[in-house]
Amino acid sequence: SPDEGWQVYTSAQAPDGKCLCTAVIPVQGTCSRDLRSHQLRQLMEKVQNISQSMEVLDLRTYRDLQYVRNTESLMKGLDSRLKVAAESQRSLNAKSFQELKDKMTELLPLLPVLDQYKSDTRLIVHLKEEVRNLSGSLLAIQEEMGAYDYEELQQRVLMLEARLHACMQKLGCGKLTGVSNPITIRASGSRFGSWMTDTMTPSADSRVWYMDGYYKGRRVLEFRTLNDFVTGQNFVQHLLPHPWAGTGHVVFNGSLYYNKYQSNIAVKYHFRSRSVLVQRSLAGAGYNNTFPYSWGGFSDIDFMVDESGLWAVYTTNQNAGNIVVSRVDPQTLEVLRSWDTGYPKRSAGESFMICGTLYVTNSHLAGAKIYFAYYTNTSSYEYTDIPFHNQYSHISMLDYNPRERVLYTWNNGHQVIYNVTLFHVIKTSGE
């Protein structure tokens, strides 16, 4: 079902013979959210808890048994003295009575041990009931799963997921037709900021970069994994030599591309060498809140990466404040080609590139939609109506990651991702 992340769409054949199909990448970690996987994980946790309880119980029982054995001789001695006292009460003088009291005092620590035994007995009854319930649950899952061994089933799911991801990569580019509900990864930082993963490196590299604030900032946090980012642990700090402006930064092939504060200069900062490799002015590009998005925040220049490479989105006086889309050489930061979209940048909430197409939201506030699309391959545009749930009502950063096929968003102090639905036209091998 869609709740589990899997979405299957029908295919059709167009009049010209092309095969048309829609492919949707599943939400990451689909297998981990599978109902049976969740049930089995809970059962495994219960088994682990029971095992730990049994170990503690065994250790405590062994310790208490040793104590009972040590007090066995005292109990026998006391028993014989009590028998003598009962048979001949006359012999029970003050001295012998004191000795009996002393013996009883030595046995007093035995009482809490016996109380513990009673408690352990109740625990054993509880553990037996838990084991009985676990057995019933496991049998039910086994019957539901049929002949498949769970480990085998999980491996099959992982293999299918890998094949699906590989298939998506082969599909290449497509037209955006839908955006999923937002998935909140973390709530941190100020109202404005930027966060991202590398748009090009292999999937094994899962580092996350975090830049809080929209101007004059220099501190970039690099987290080792997404899980470290969620927990706020295992990060290193990069201190940029030049402060940034806006939130339109992007990480591409190990380097950060950003707009230098109070200028239209693009900067390429290399994380491994911790140095600026190149910087270049975007000729005529507005800066310092001359042509920002509707939310402001010095968002004049917005860097993006899609399947075809690095882009810069900005505007100039020559273009009368309309959005300009430029292909940029990632090595030299030279502008290779530019397009005038005709869309006023101050009316745009945010924008992002997918497969050479610029998609623009009509607002950064609640009720936003993906409202406008400009196609660089045909130099044409259209108005769209793609629902886009702006959960926290103030988007200050929106970027597409072609490696993961998701949108990264900074929304009012929340770091959020969206899955995207792309429509693909696939040519047959004969064409």
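Among the numbered conditions (1) of a type outside the set (D, E, K, R); (2) in contact with a strand residue (DSSP E or B) (Cβ under 7 Å, 6 or more places away or on another chain); (3) within 23 Å of Gly213 (Cβ to Cβ), the only one that Ser299 does not meet is (2). Among the residues of the stretch 179-218, what is the count of those that are at pLDDT 95 or above, more than 22 Å from His242 (Cα to Cα) and acidic (Asp, Glu)? Result for the stretch 179-218: 0. Condition check for Asn390 on (1) touching a helix residue (DSSP H, G or I) at 6+ places or on another chain (Cβ under 8 Å); (2) outside any strand (DSSP E or B); (3) of a type outside the set (D, E, K, R): one failure, at (1).
Condition first: hydrophobic (A, V, I, L, M, F, W, C), touching a His at 6+ places or on another chain (Cβ under 7 Å) and assigned to a loop (DSSP other than H, G, I, E, B). Can you find one or more residues in the stretch 316-327 that meet it? The answer is no; no qualifying residue exists. Name every residue in the stretch 217-244 that is among the β-branched types (Val, Ile, Thr) and either outside the structural domain of Trp311 (by the TED database) or crowded, with 21+ Cβ neighbours inside 10 Å (or both), in order of residue number. Val220, the sole residue that qualifies. Please go through the stretch 320-336 and give me each residue that is touching a Ser or Thr at 6+ places or on another chain (Cβ under 7 Å) and under 17 Å from Leu310 (Cα atoms), ordered by number. Result: Ile323, Val324, Val325, Ser326, Val335.
Close contacts from the stretch 190-216, counting a first residue that is in the same structural domain as Ser255 (by the TED database) and touching a residue at least 40 places away in the same chain (Cβ under 8 Å) and a second that is aliphatic (A, V, I, L, M) and open to solvent by 50 Å² or more (accessible area, probe 1.4 Å), with Cβ to Cβ under 9 Å and a gap of 6+ residues or different chains, come to Thr197/Leu226. Screening Thr247, Thr199 for residues that are open to solvent by less than 10 Å² (accessible area, probe 1.4 Å), among the hydroxyl-bearing types (Ser, Thr, Tyr), at negative phi and outside any strand (DSSP E or B) leaves exactly one candidate, Thr247. Of all residues in the stretch 89-123, those being under 16 Å from Leu78 (Cβ atoms), open to solvent by 90 Å² or more (accessible area, probe 1.4 Å), assigned to a helix (DSSP H, G or I) and modelled with pLDDT under 70 number 1. Consider the stretch 260-280 and keep the residues that are on the phi < 0 side of the Ramachandran plot and not in a strand (DSSP E or B). The one that is nearest to the chain's Cα centre (by Cα) is Phe271. Evaluate the following for Phe291: is it crowded, with 16+ Cβ neighbours inside 10 Å, under 18 Å from Met397 (Cβ atoms) and in contact with a Pro (Cβ under 8 Å, 6 or more places away or on another chain)? Here the answer is no, as Phe291 does not meet what is asked. Note on the stretch 298-308: residues that are open to solvent by less than 10 Å² (accessible area, probe 1.4 Å) and among the small types (Gly, Ala, Ser) total 1.
Just to be sure, is Ala312 hydrophobic (A, V, I, L, M, F, W, C) and assigned to a loop (DSSP other than H, G, I, E, B)? So Ala312 fails the test.
Within the stretch 328-386, can you find the residues that are open to solvent by less than 10 Å² (accessible area, probe 1.4 Å), of a type in the set (Gly, Ala, Ser) and under 30 Å from His270 (Cβ atoms)? Selection gives Ser351, Gly356.
Under the condition of being among the aliphatic types (A, V, I, L, M) and crowded, with 22+ Cβ neighbours inside 10 Å, the residues counted in the stretch 261-288 number 4.
Scanning the stretch 328-355 for residues that are assigned to a loop (DSSP other than H, G, I, E, B), under 16 Å from Glu382 (Cβ atoms) and under 27 Å from the mean Cα position of the chain (by Cα) returns a single hit, Cys355.
The values are calculated or read from the model by the stated rules, or taken from the named source; none is laboratory data. Everything numeric here is computed off the predicted structure, so don't read it as measured data. So basically every Cβ, Gly included, is an ideal-geometry build from the backbone, and we count neighbours across all protein chains shown. Remember, those area values only see protein heavy atoms, side chains included, never the ligands or the DNA or RNA. Shrake-Rupley method; radii C 1.70, N 1.55, O 1.52, S 1.80 Å.
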